[in-house]
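Scroll down for the structure; my scribbles are underneath it.
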Amino acid sequence: MKKRYWIDAAKLIVVFGIIWAAFAIIPWPSIHAPKGADLVSIEREKKLGTILMEQSILSPDAKEKVIHSPKLDSAIFIVTSRLLEHLDHPLFTYHFYVVEKKDVNAFTLPGGNIIIYSGLLDFCQTPEDLAAVLAHEIGHAQKRHVVTKLVNELGLSIMLSVLSGGNSSIIREVMRTAMSTSFSRDMEAEADAFSFSLMEKSNLDPTTLSDFFRRMKKEKDNDSNLSEFLSTHPSNTDRIRAALEYKTAAGFTIKPISLDWSVVKEELKKVAPTKVEEPASEE
Amino acid sequence: MEENQKYFPVPQPDELTRKEKDDAMGGYLMMFAALGAGLPLPIINLIASIIYYHMNKSNSLFVKFHTYQALVSQIPLTLANGVCVFWGIRIAIFHTWHVNNFFIGFALMLLVANILYLVFGIISAVKASRGRMYYYWFFGPMAYEKVFLVANHVVKAPAVNHPPKSIS
Ligand SMILES: [Zn+2]
């Protein structure tokens with residue numbers, strides 16, 4: 001009888017629990033619908049990608065040239081088709097371009113255009129290394145991170161002006177932003193998670209990305225080409241741990257990519273001879 | 001058992017001195033004063049209330065009731081605010097946790113709770129200064145029982161004197 005007020009305490013807890021739940025149910029736009037992805041449709045992103053590619057890397061007077069090598073192209077094709085075969089609902093037709101630059105890096109440009117620097121191919125020791133990094137980049141494209149970042153950084157009006165033709169200085173600015181500014185940590189984590197699951201679906205070891213990051217961390221002091229990748233892809237211990245903690249489904253089996261990676265290395269020496277020598281000590 | 005159910009009479013406004021009314025009001029005002037200071041770490045208002053309650057422990061039942069109600073009612077809110085600050089720090093600094101709907105919902109729920117608490121704090125400060133009792137949900141009856149229940153005041157010393165054994 002005298003403890004009746006405990007019922008009031010229970011009511012208070014229930015009332016505030018309901019208020020919490022009610023606020024939590026509301027789909028807060030800033031989280032669930034990134035601005036850029038809402039404002040730029042898939043079709044517009046494709047067009048944006050085409051314009052950017054034509055006026056930068058694919059243009060005749062581009063500073064950074066796309067490497068045309070049948071051997072590299074077929075290697076990239078073998079690696080990427082393994083991933084793309086297992087990609088559910090691709091938003092774009094993915095294109096991969098190898099650009100001659102010794103930085104260890106890869107970029108995703110709008111419309112599913114992914115740039116691979118020759119330095120990255122050189123740093124990869126297996127086709128699976130490359131697959132893990134490219135799965136991460138495909139994640140940025142599938143999750144619409146690229147346009148989201150561009151709209152956040154430059155504003156929608158710049159994007160629309162590129163779509164309506166644009167001028168070369170605007171396109172340079174967009175390319176610079178796409179290639180040099182980093183994604184948010186949440187986006188990186190999302191792209192990592194995408195990589196793990198796409199790797200698993202493709203019968204490749206999802207922890208490959210962690211090995212790759214660890215090797216980068218270890219070698220960053222004696223390889224200056226890694227600094228750019230690390231500045232746009234902070235490879236902190238959280239990301240390495242996330243990869244190691246990823247649980248594959250029961251019955252998961254690894255099917256290695258049948259590709260002789262030494263062929264890629266040999267070809268790189270011919271077509272991208274500007275690469276620096278590899279660090280002598282290897283564990 | 002009868003003894004345990006007895007309550008002291010609730011004081012009426014004309015039985016209270018101006019000082020008692022002001023001291024009772026002070027219990028609520030204390031938490032507003034400390035709220036600003038306690039914002040980064042929402043524990044300071046609680047500490048201030050605990051000190052204020054102990055300062056007024058020997059004061060009249062009316063003052064005790066109001067200061068006790070002000071103290072206990074802010075414990076759950078302070079704990080919840082503390083959780084929110086801790087949660088926010090984890091998100092802002094360590095990046096291992098992320099802003100999600102649970103956090104936004106929790107923060108907004110706390111915003112509502114803090115505003116409500118402020119409103120009820122002002123109401124009860126005004127009531128106390130007029131010499132009126134004011135009972136919060138749950139905390140009001142709890143504070144009433146703690147302060148006015150006779151049994152909570154009678155400290156029974158263990159019996160040392162007994163009748164002669166030959167008689168009993
Ligand atoms: Zn990334």
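Taking the 0 to 90 degree range and rounding to the nearest ten, how far is the long axis of helix A:185-201 tilted relative to the main principal axis of chain A, both from C-alpha atoms?
Compared with the principal axis, the helix lies near 70 degrees.
Helix by helix, which DSSP H runs in chain B go 18 Å or more along their axis at the Cα atoms and have an average Kyte-Doolittle hydropathy of 1.6 or more?
Both cut-offs are met by B:101-129.
Sequence gap at least 6, Cα distance under 8 Å: using those rules, report the relative contact order of chain B to the nearest whole percent.
Dividing the mean separation by the residue count of chain B yields 36 percent.
Once Rh for chain B is found with the Kirkwood sum over Cα pairs, what is the Stokes-Einstein diffusion coefficient at 37 °C and 0.692 mPa s, in µm²/s?
Numbers: Rh = 18.3 Å.
My calculation gives 180 µm²/s for D.
Among the DSSP beta bridges whose two residues both lie in segment A:41-271, what percent are antiparallel, rounded to the nearest 5?
50
Can you give the FRET efficiency for B:Phe120 and B:Ile93, using 1/(1 + (r/R0)^6), R0 = 41 Å, r = Cβ-Cβ distance, to the nearest 0.05?
0.75
Grab the other residues whose beta carbon is less than 13 angstrom from that of B:Val99, score K and R as +1, D and E as -1, and report the net.
On the way: positive: A:Arg185, B:Arg90; negative: A:Asp186.
That sum, taken over residues with Cβ under 13 Å, equals +1.
Could you work out how far apart the two model spin labels at B:Ile50 and A:Asp88 are, taking each label as a point 7 Å from the Cα in the direction of the beta carbon, and quote it in nm?
The answer from the label model is 5.2 nm.
Going by how many other beta carbons lie within 10 Å of each one, how would you line up A:Ser195, A:Ser184, A:Ser169, fewest first?
Lowest count first: A:Ser169, A:Ser184, A:Ser195.
Taking R0 as 51 Å, what FRET efficiency do you get between B:Trp137 and A:Lys270 from their Cβ-Cβ distance, rounded to the nearest 0.05?
Once rounded, the FRET efficiency stands at 0.05.
On a C-alpha basis, how far is the centre of segment A:38-93 from the centre of segment B:113-168 in Å? Whole number, if you could?
75
What list do you get for A:Lys11, A:Lys201 if you sort them by fewest beta carbons within 10 Å?
Neighbour counts put them in this order, fewest first: A:Lys11, A:Lys201.
Let me know the number of lysine pairs in segment B:62-168 closer than 24 Å at the Cα, not counting same-chain pairs under 8 apart.
Details: B:Lys64/B:Lys127; B:Lys64/B:Lys146; B:Lys64/B:Lys156; B:Lys127/B:Lys146; B:Lys146/B:Lys156; B:Lys156/B:Lys165.
So the count works out to 6.
Do you know the relative contact order of segment A:1-122, to the nearest whole percent, from alpha carbon pairs under 8 angstrom that are 6+ apart?
Dividing the mean separation by the residue count of segment A:1-122 yields 21 percent.
Search the structure for amide H atoms under 5 Å from the amide H of B:Tyr7, placed 1.01 Å from N in the peptide plane, and list their residues when 5 or more places away or on another chain.
B:Val150
Going 7 Å from the Cα of A:Ser161 toward and past its Cβ, which residues in segment A:50-71 have a backbone nitrogen under 16 Å from where you end up?
From segment A:50-71, the list is A:52.
With the crude spin-label approximation of a point 7 Å out along Cα→Cβ, what separation in nm comes out for B:Lys6 versus A:Lys220?
According to this spin-label approximation, the distance is 7.6 nm.
Mind listing the long-range amide H neighbours of A:Lys65? Cut-off is under 5 Å, sequence gap 5 or more, other chains count too, H placed in the peptide plane at 1.01 Å from N.
Here the answer is A:Glu100, since their amide H atoms fall under 5 Å of that of A:Lys65.
Just need the relative contact order of segment A:41-271 here, percent rounded to a whole number, with Cα pairs under 8 Å and 6+ apart.
24
Out of all DSSP beta bridges in the protein assembly as shown, what portion is antiparallel? Express it as a percent rounded to 5.
Working: 6 of 11 bridges.
Around 55 percent of the beta bridges assigned by DSSP in the protein assembly as shown are antiparallel ones.
Give me the extension gain from A:Leu58 to A:Asp186: residue separation times 0.36 nm, minus the current Cα-Cα distance, reported in nm with one decimal.
43.0 nm
Evaluate the distance, in nm, between pseudo-label points positioned 7 Å from the Cα of A:Ala21 and of A:Glu153 along their respective Cα→Cβ axes.
It works out to 4.3 nm between the two label points.
Specify the residue with the greatest mean-square fluctuation among B:Val72, B:Val126, B:Val99, computed from a Gaussian network of chain B linking alpha-carbon atoms under 10 Å apart.
Looking only at B:Val72, B:Val126, B:Val99, the largest GNM fluctuation is found for B:Val99.
Where a number appears in this text, it was derived from the coordinates with a stated rule and is not lab data. Predicted model, so just to flag it, every value in this text is computed and none were measured. Note that each Cβ is placed from the backbone with ideal geometry, even for glycine, and that neighbours are counted across all protein chains shown.
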